[in-house]
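Student: Take this structure, written in structure tokens, and hold onto it; I'll ask about it next.
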There are 2 protein chains.
Amino acid sequence: MLNHIDPAALSALRAILETGSFDGAAAALGVTPSAITQRIQRLEDHVGAPLILRGRPCSATQAGRRLRQHADEVALLEHGLQADLGLQASGIWPRIRIALNADSLATWFLGAMAAIDGMQFDLVLDDQDHSHAWLQRGDVMAAITASPAEVRGCDVRPLGALAYRATASPDFMARWFADGLCATSLSQAPMLVFNAKDGLQRRWLEQQGYGRVAGAPVHWLPSTTAFVEAAERGIGWGLNPYPLVRDQIADGRLVDMGGAFSTPLYWHWNRRIGAQLAPVTQAVRGAARKQFCEV
Amino acid sequence: MLNHIDPAALSALRAILETGSFDGAAAALGVTPSAITQRIQRLEDHVGAPLILRGRPCSATQAGRRLRQHADEVALLEHGLQADLGLQASGIWPRIRIALNADSLATWFLGAMAAIDGMQFDLVLDDQDHSHAWLQRGDVMAAITASPAEVRGCDVRPLGALAYRATASPDFMARWFADGLCATSLSQAPMLVFNAKDGLQRRWLEQQGYGRVAGAPVHWLPSTTAFVEAAERGIGWGLNPYPLVRDQIADGRLVDMGGAFSTPLYWHWNRRIGAQLAPVTQAVRGAARKQFCEV
């Protein structure tokens, strides 16, 4: 059992992980780099394990990640304690680290953030099929994922399904799909793919009955809004969140290539701090309900 | 000297790195996973070094990265050869891997992509102060960075300077800065920061004479357009690319917190394939010129 972990050392640990370096942490905390080094060394002696992997940027070892998680949880608990006892708040907002998909951030998640006061959000973007791993590693307190599968130690609630449309510009349709959509034309037309983890286009092709379309040129474009703009500019076709292309489809800037498609989303959170996260859970479910009932 | 590297093995290597797994590569190329494994083993025997670091996702060793770079360069040269000899193109577009900052992608870079036909773009996002490293490691053919410092083996041209404005919503200004901007109010108001590599807010604070402002709540929000929307929703203040907030400042949805601020951008490219990259260089410089003269 570890007792009396130096809060200043935990602050140093978090600052290194946030700034990526010992020098950055020193600047952020207004102390010397050697003070940072000493705090981390004492903490490593205390825990009996290395906490930081030196590099550019520095990253946490497994023990380092667990310690940061602990620091964040304690900060959350202290925040609740202050409120319950009517104590003056420390002024430091507790930090909530959440993994989510870029499309949720671009469409509805900020509605949840805007509804929460007095908490610092630390958002980590990853594909909705991969954000589970962040939670399993203990790297985040909560995650928005495409899977209802329970993560050990976590609770889960469904949020609704984010609707997508396969879209392309009218010029693009005329150039590549003049004879219609088929496996042949789809194997020649440039396709937009968010990143290596993005399987939406492939799934849409299979769902629409085009099967495995091989050989098409692929543009890797890791930005939700650039994805929409690239479709409008005729750079490629791709699956876009419906809320972001509704207007363009209505006024003809984009063509809906057909087929209903959506991704279910789930909110998973660390049960150990479930009570402290309750306002966030409520805000996230509220913002999702608003988005998914509007579509 | 390595001769006769099996093109199918190079395709397998690239497919593993793009899909993150041997199974994903097999599906992408329409072969069995064991065929992928065999090709990589033969290639590793040939080169005499491991090429893939097994993991989720799989990544390349230093030798693997160099081989992928070689494959991409050969594809570019073959493409030029076909054009020069009037041969029928293979149908496979050469792939251009570029590291750039999210703000360039959100503001002007798609203008360059739209001007290029017959090339696959593979865009990697990183902070403009860190995209140098991608080029140095040989992970990309070209990069947009904030530094004019020449990378070994690369040429460089200035692109112009992307203008930024520190912005917040009128409600946010009234709540946090009712008594004006000063080191005290700035140390209490929630600040938006893109990620750990984003030093723009800190630099703006120093440039404006507020010095090192410590203790402010920070929301980590790794998306250019979410950054703008978060400022509009009053979630925090932050530095936004001027082209993305010009309208909001004009119609009062956002308040310009003052101070001219810009980031110079430079286009760096691998000299070994400079001739093949010339159309891309021309399109990138043209799109940048259009953006930076308009502001």
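Student: Regarding B:ARG285, is this residue part of a helix (DSSP H, G or I) and over 30 Å from B:MET141 (Cα atoms)?
Tutor: On the way: part of a helix (DSSP H, G or I): yes; over 30 Å from B:MET141 (Cα atoms): no.
The answer is no for B:ARG285.
Student: Just one of (1) among the polar types (S, T, N, Q); (2) more than 10 Å from chain A (Cβ to nearest Cβ); (3) assigned to a helix (DSSP H, G or I) trips up B:ASN240, so point out which.
Tutor: (3)
Student: Where residues in region B:204-226 are under 21 Å from the mean Cα position of the chain (by Cα) and either part of a loop (DSSP other than H, G, I, E, B) or more than 10 Å from chain A (Cβ to nearest Cβ) (or both), which of them is farthest from B:ALA146 (Cα to Cα)? Reasoning before the result, please.
Tutor: Of region B:204-226, the ones under 21 Å from the mean Cα position of the chain (by Cα) are B:220-226.
Narrowing the set further to residues that are either part of a loop (DSSP other than H, G, I, E, B) or more than 10 Å from chain A (Cβ to nearest Cβ) (or both) leaves B:221-223.
Working: B:LEU221: 21, B:PRO222: 18, B:SER223: 19 Å.
Residue satisfying both the conditions and the ranking: B:LEU221.
Student: Any residue at all in region A:59-72 that is assigned to a helix (DSSP H, G or I), surrounded by 14 or more Cβ atoms within 10 Å (Cβ to Cβ), polar (S, T, N, Q) and in contact with a strand residue (DSSP E or B) (Cβ under 8 Å, 6 or more places away or on another chain)?
Tutor: Kept after step one, since they are assigned to a helix (DSSP H, G or I), are these residues of region A:59-72: A:62-72.
Still in the running and surrounded by 14 or more Cβ atoms within 10 Å (Cβ to Cβ): A:63-72.
If we keep only those that are polar (S, T, N, Q) too, we end up with A:69.
Those left that are additionally in contact with a strand residue (DSSP E or B) (Cβ under 8 Å, 6 or more places away or on another chain): none.
No, the conditions are met nowhere in region A:59-72.
Student: So, A:VAL255, is that one touching a residue at least 60 places away in the same chain (Cβ under 8 Å) and buried (at least 19 other Cβ atoms within 10 Å of the Cβ) or not?
Tutor: Working: touching a residue at least 60 places away in the same chain (Cβ under 8 Å): yes; buried (at least 19 other Cβ atoms within 10 Å of the Cβ): yes.
Here the answer is yes, as A:VAL255 does meet what is asked.
Student: While we're looking at this one, here's another question. State all residues of region B:275-286 that are exposed (fewer than 15 other Cβ atoms within 10 Å of the Cβ) and under 21 Å from B:ARG152 (Cβ atoms); if no residue qualifies, say none.
Tutor: Of everything in region B:275-286, those that are exposed (fewer than 15 other Cβ atoms within 10 Å of the Cβ) and under 21 Å from B:ARG152 (Cβ atoms) turn out to be B:ALA275, B:ALA278.
Student: Of the numbered conditions (1) of a type outside the set (Ser, Thr, Tyr); (2) touching a residue at least 12 places away in the same chain (Cβ under 8 Å); (3) within 10 Å of chain B (Cβ to nearest Cβ), A:ASP126 fails exactly one; give the number of that condition.
Tutor: Result: A:ASP126 passes all but (3).
Student: Residues of region A:97-118 being within 13 Å of the chain's Cα centre (by Cα) and either in the same structural domain as A:ARG246 (by TED's automatic domain parsing) or in a loop (DSSP other than H, G, I, E, B) (or both), which ones?
Tutor: Residues satisfying the conditions are A:ASN101, A:TRP108.
Student: Checking B:ALA8 against (1) part of a helix (DSSP H, G or I); (2) touching a Gly at 6+ places or on another chain (Cβ under 9 Å); (3) surrounded by fewer than 20 Cβ atoms within 10 Å (Cβ to Cβ): exactly one of these is not met. Which one?
Tutor: (2)
The values are calculated or read from the model by the stated rules, or taken from the named source; none is laboratory data. Owing to the predicted nature of the structure, the values given are computational and were not obtained by experimental measurement. Because the Cβ atoms are built from the backbone with ideal geometry, glycine has one as well, and the counts that use them run over all protein chains shown.
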